[in-house]
């Protein structure tokens, strides 16, 4: 048996060739462009062929879809004439985002050129792999014997798939069969896929939800029309089987999943596969249909709306037209396909059984973030990074990471001895810090320090506002200690702003720069006994939100880290924390490194976000919970002015400590 295959280098095509070559004595001729000749050796290896056998069983035929008779030479046409039993036409543009001109040239004219070649070589049978897109946006059930009934063909992809199938039906002079696969995804056994397409477009959104929310938390999904998904191995096996049966001429077969799912169901299945929050609540996308097109068009004419939409679509990797097809209205009957596959053992597996394999392969091989240099060295190497409060604790741990990654690492602090000790520690590890003594709580010293850094280094590329002061004392114990609030605000808010605003003009002039502000989980949970500290950090958070909006279009970005409790010298006076589960400085340093690499607007723990949600949705309940914890945990000995006293915790307080890891009480 001898075959001719177009699109043999493609996702479906190379697997079909491998399937055909499983039969002994088979010869496959495959179309390949001259400039792609270098791919032949890899294709032969993929098909399990080598040496003389490879050249005899899988024969490259140079040509091009856009050329007359596929650009195949007269000598090759003569060589193939009367020798090809089956011609499989798989070459096409399967990309919703491709421009119309390219789709017309390949899908329509390419098919016409294939039909001319089939006639020229007197092929025994043409097998045209079309798509369910040939039905357009047909309302209802589209049967295998339907074609002219297609409707809603405005989109170039739908139109070109329909027109290419029409050419086969109307112009092909040799026996033909049409196959309409559904949306083809990866292999159901290995998950292997070669590009992001179809449901894969939503994987990044699911991944983001998993990063932000715990898997048990219900989330809102988008309900819409039906979507039909089939794995590539089913398409190949069904195509290979049906194409060798009798009575298939002038027939069409739907290679679709007999189940079919709604968009919301598909998203929920993949959310489960990704261990992301399940989409238990759905908003029907059809509800958006009540908005008049004139209103939608008017909204999109507004620059802010366009920028937000484009930013969200780009961030999630969604193509421009994807939302157009959320309400896809067509279902597909496959009774003729069922009849042909009966007894063959070829079945479409259930999506729920292999979705995890698709997700796993995507996350390991296709996630766009894998192909971007997301290393800390790639982000800060050779750049100037300033860490305030970098002589100890979180700041010192972060400074070590930056210096090790090749950054010009500046640290500042009030204690020269600690700065010298930190520099010696860095030198022992094979890199260096550049230390500056500075008191961030002193506005005049802030100005001096900023000018010194600008003079010596030309400014900074990354600013880590880590220097801070924390006070754990109940308000009722602070009536005569108003200075606690003043000095906390002076360092945590005013000092931070003074330094940041000193470097912002330079960042703006260079149109690049990133500021990381170390805030607190207490801002999200409103932890009692930290009113001075939380208020100062809340003020910083609010300023940062305003600043990020003002500088969004000049290349300067901001990240707020709502840091949970970390074991640093700052919490040492509070003996109650000695046995509390807290983060280590190195873990906090990792969070700061991630803030510089990915530049998110905010980094927070799931517990912190949960606390914020509770305060937003059920504030009275959140208050009761926080008040209960307030009464459970006494003031520290230092706050009470006592010395040597050991804090006594009830069993309930110990249990809450373990459950609420990182929240200040």
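Please treat every number below as a calculation from the coordinates, not as lab data. What you see is a predicted model; the values in this text were computed from it and never measured. Virtual Cβ from ideal backbone geometry, glycine too; neighbours counted across all protein chains shown.
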Fill in the blank from the handout: FRET efficiency for residue 617 and residue 208 from the Cβ-Cβ distance with R0 = 35 Å, rounded to 0.05, comes out at 0.95
Handout entry: Overall form of segment 1-155 per C-alpha gyration tensor (a/c, 1.5; a/b vs b/c)
Key = prolate
Practice task
Any chance you could list the semi-axes, whole Å, largest first, of the equivalent ellipsoid that the Cα gyration tensor gives for segment 324-400, using √(5λ)?
Solution key: 54, 16, 12
Fill in the blank from the handout: The residues 415, 257, sorted from fewest to most surrounding Cβ atoms within 10 Å, come out as 415, 257
Completion exercise
Semi-axes (Å, rounded, descending) of the ellipsoid equivalent to segment 414-499 per its C-alpha gyration tensor are 30, 17, 10
Completion exercise
Contour minus Cα-Cα span, residue 262 to residue 509, at 0.36 nm per residue, comes to 83.9 nm
Problem - Paramagnetic reach from residue 416 (point 7 Å along Cα→Cβ, amide N under 17 Å) across segment 385-402 - result: 391
Handout entry: Separation between Cα centres of segment 119-157 and segment 344-374, rounded to whole Å
Key = 28
Practice task
Using the number of other C-beta atoms within 10 angstrom as an exposure proxy, rank 402, 30, 551 with the fewest first.
Solution key: 551, 30, 402
Practice task
Kindly state, to the nearest 0.05, the FRET efficiency for residue 369 paired with residue 549, given R0 = 25 Å and r defined as their beta-carbon distance.
Solution key: 0.45
Practice task
Compute the Cα gyration tensor for segment 165-216, then decide on rounded, prolate or oblate, letting a ≥ b ≥ c be the square roots of its eigenvalues: rounded whenever a/c is under 1.5, prolate when a/b is larger than b/c in the other cases, and oblate in all that remain.
Solution key: prolate
Fill in the blank from the handout: Taking 0.36 nm per residue of separation between residue 37 and residue 216 and subtracting their Cα-Cα distance, the length gained on full extension comes to 59.3 nm
Practice task
Apply 1/(1 + (r/R0)^6) to the Cβ-Cβ distance of residue 81 and residue 145, taking R0 = 35 Å, and write down the FRET efficiency to the nearest 0.05.
Solution key: 0.60
